[in-house]
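Some notes on the structure that comes next.
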Amino acid sequence: TDYINEIDRQYRLQDAVYHNAAVKLGLSDSAQCILYILSDTESCTQQELCSRSFFPKQTINSTVLKLAKDGYLVLESIPGTRNQKKITLTDAGQALVREKIEPLKQAEQRAYSHFSEEELAACLKAVTKLTANLKTETEQMEPKK
């Protein structure tokens, strides 16, 4: 139980660290996450943003619309789909990523650089195993009636 509580606390603390970084950079948590994801890819859909960010669909939708209204994103209809749109950074969006997301990525790189390859591999293996086990166990829980 002590391990579970401390691991949970550490995960929540990491969430708070990313939240504080977003605040410091003048972004919402969802905007920071969307821009971070788009900084690694040429374009994606809202569905892909939802599956990669784990934010609710409504949160992603409203944040994407705000970023588009502010001139940071462009939404283009994808031919052959009902209403899917390709989301791409504009030049202003790319400048925003350079100004606000790249410093975050550099901070992450510096933080992770304090670990050896073996430590990083072990951490990834442990977190992946924990996530899979938690998913399995929570899927087997009986729904409350």
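The values are calculated or read from the model by the stated rules, or taken from the named source; none is laboratory data. A quick note: this is a predicted structure, and the numbers were derived from the prediction, not measured. Glycine also receives a Cβ, built like all others from the backbone with ideal geometry; neighbour counts cover every protein chain displayed. The accessibility values were calculated without ligands, DNA or RNA, using every heavy atom of the protein model including side chains. Shrake-Rupley method; radii C 1.70, N 1.55, O 1.52, S 1.80 Å.
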Which residues, counting only those in segment 15-28, are open to solvent by 60 Å² or more (accessible area, probe 1.4 Å) and under 13 Å from residue 104 (Cα atoms)? 17, 18, 19, 20, 23, 24, 26
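Only one of these is in contact (Cβ under 8 Å) with a residue 24 or more places away in the chain and of a type in the set (Gly, Ala, Ser): 113, 53, 28, 77. Name it.
On the way: 113 fails: in contact (Cβ under 8 Å) with a residue 24 or more places away in the chain; 53 fails: in contact (Cβ under 8 Å) with a residue 24 or more places away in the chain; 77 fails: in contact (Cβ under 8 Å) with a residue 24 or more places away in the chain.
Exactly one of 113, 53, 28, 77 is in contact (Cβ under 8 Å) with a residue 24 or more places away in the chain and of a type in the set (Gly, Ala, Ser), namely 28.
Can you give me the number of residues within segment 66-95 that are in contact with a strand residue (DSSP E or B) (Cβ under 8 Å, 6 or more places away or on another chain) and within 15 Å of residue 36 (Cα to Cα)?
Pass one, segment 66-95, residues in contact with a strand residue (DSSP E or B) (Cβ under 8 Å, 6 or more places away or on another chain): 67-68, 72-78, 83-90, 93.
In the following step, the residues that additionally are within 15 Å of residue 36 (Cα to Cα) were identified as 67, 72-73, 87-90, 93.
The qualifying residues number 8.
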Sole residue being touching a residue at least 40 places away in the same chain (Cβ under 8 Å), part of a helix (DSSP H, G or I), closer than 20 Å to residue 21 by Cα and open to solvent by less than 50 Å² (accessible area, probe 1.4 Å), chosen from 35, 67: 35
Looking at segment 70-89, which of the residues that are in a strand (DSSP E or B) and hydroxyl-bearing (Ser, Thr, Tyr) is least open to solvent (accessible area, probe 1.4 Å)? 88
Here's a check for you: in segment 38-58, which residue that is among the acidic types (Asp, Glu) and closer than 16 Å to residue 78 by Cβ is most open to solvent (accessible area, probe 1.4 Å)? 42
Of the listed residues (144, 135), the one being of a type in the set (Lys, Arg), more than 26 Å from residue 68 (Cα to Cα) and either under 17 Å from the mean Cα position of the chain (by Cα) or in a helix (DSSP H, G or I) (or both) is 135
Every residue in segment 100-110 that is surrounded by 12 or more Cβ atoms within 10 Å (Cβ to Cβ) and free of Cβ contacts under 8 Å to residues at least 12 places away in the same chain, please. 108
